[in-house]
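Notes follow once the structure below has been shown.
Every number here is computed from the coordinates shown, using simple stated rules; none is lab data. Predicted model only: the values in this text are computed from it and were never measured. Cβ placement follows ideal geometry from the backbone for every residue including glycine, while neighbour counts extend to all protein chains displayed.
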Amino acid sequence: MLKCWIEAMRLRTLPVSLAGVVAACGYALLDGGFDPVAAVLCAAFAILAQVASNFANEYYDYTAGLDRAGRDGPRRGVTEGDITPRAMLRATYIALGLACMTGLSLVAWGGWWLIIAGVFIALGALAYSTGPYPLSRHGWGEVAVVVFFGIVPVCLTYYVQCGHCTAAVAMGSVAVGLMGANVLVVNNYRDRDDDLAVGKRTLAVRAGRRAVRSLYLLNGCVAVALVLPLWRTMPAAARLIPAVYLAIHVALWRALGRREGAAINPLLGLTAMAMLLYAVAFAVAAAAVS
């Protein structure tokens, strides 16, 4: 049973939420405002919010009849009968509640207005899969990832540590969001035929596999371009980091075009890990020059 819940958390995707926090810490280190306690709390909040979103996605896709047993993607516990729908719904709101409690502790750093931001994030975690206009079913999932796994975590994590936000941080947040969106691109590229059959209008369904594969390449290239001005201010050795990320990104893009079905699953985790490794490398480089 524990294995089923671990699968439902979708561990391969969790580096996406962590990468935004780590990248923000890199910016905070460069600007002399890094706070390890606030950083840990931000990381906990981000991971809990993503787990809640993953649980909600599994529950609400099941209740809407959008999942089927034996799918190419990771095993869905509710669809396969390993977890009851009621248990998954309860777990969704427990995870969301824990995220909100963690977020409340950040008021001590960022002020009471963070409660409004927390409500926005909580609603976003649910709006991805449910509500009057579920974002994941209408081709807006990638945009949601840019906002909730890039712009929001990077800017807020930096803000609670430094008390303000800068243009460089805002640009970096979009870059992180584009990297994170590629994880969803891979997921929806793999599931395109299944989603089409059940009426789930993801971007891959609306635009086609060729278009979203091109988007995967474009997202990574634009992400690197957005942060190049910052990297030019770093030591020469550190400037290799975006180049290495881009090389990995292109290799994954090529692999995506050669694989189908379940063979694509490893690329999802590798895309997320490349994003996290980039963020970690940036934070380490920032710590070295700060």
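Worth pointing out:
- For segment 44-192, averaging the sequence separation of C-alpha pairs within contact (under 8 Å, six or more residues apart) and dividing by the residue count gives a relative contact order of 24 percent.
- Within segment 2-90, GluC sites (Glu not before Pro) in DSSP loop having at most 13 other beta-carbon neighbours inside 10 Å: none
- Helix 152-162 vs. the chain, principal-axis angle (Cα, 0 to 90°, nearest 10): 30
- Extension gain, MET1 to VAL37: 0.36 nm times the residue separation minus the Cα-Cα distance gives 9.6 nm.
- Under DSSP loop assignment and at most 13 Cβ neighbours within 10 Å, longest trypsin sites (Lys or Arg not before Pro)-free interval of the chain: 69-231
- Seen against the Cα atoms of the chain and their longest principal axis, helix 209-231 is set at about 10 degrees.
- Per-residue HN-Hα couplings for segment 165-180 [Karplus 6.51, -1.76, 1.60; θ = phi - 60°; Hz; x = Gly/Pro]: 9, 10, 5, 5, 5, 4, 5, x, 5, 5, 4, 4, x, 5, 4, x
- Rounded, prolate or oblate (a/c below 1.5 giving rounded, otherwise prolate when a/b exceeds b/c) for segment 46-113 by Cα gyration tensor: prolate
- Along segment 23-31 the Karplus relation, 6.51 cos²θ - 1.76 cosθ + 1.60 evaluated at θ = phi - 60°, assigns HN-Hα couplings of 4, 4, 5, x, 5, 5, 5, 4, 9 Hz to successive residues, with x for each Gly and Pro.
- Sequentially through segment 188-195, phi angles give Karplus couplings (6.51, -1.76, 1.60; θ = phi - 60°) of 6, 4, 4, 8, 3, 5, 4, 5 Hz, Gly and Pro residues having no value and appearing as x.
- Across segment 5-31, the residues whose backbone nitrogen lies under 16 Å from the label position 7 Å along the beta-carbon direction of ILE94 are 5-10.
- Nitroxide proxy distance, nm - points 7 Å out along Cα→Cβ at ARG232 and ARG86: 6.2
- Proximal charge balance of MET273 [Cβ under 15 Å; K/R count +1, D/E count -1]: +2
- Length gained on full extension, MET101 to VAL222: 40.0 nm, using 0.36 nm per residue less the C-alpha separation.
- Each label point was placed 7 Å from the Cα along the Cα-to-Cβ direction; for ALA247 and ARG206 their separation is 3.7 nm.
- Helix 114-127 vs. the chain, principal-axis angle (Cα, 0 to 90°, nearest 10): 30
- Helix-only mean residue ellipticity at 222 nm for the chain, each DSSP H run of n ≥ 4 adding -39500 (n - 2.57), per residue, nearest 500: -24000 deg cm²/dmol
- Net length available on complete extension from VAL289 to PHE120 is 57.3 nm, with 0.36 nm assigned per residue and the Cα-Cα distance removed.
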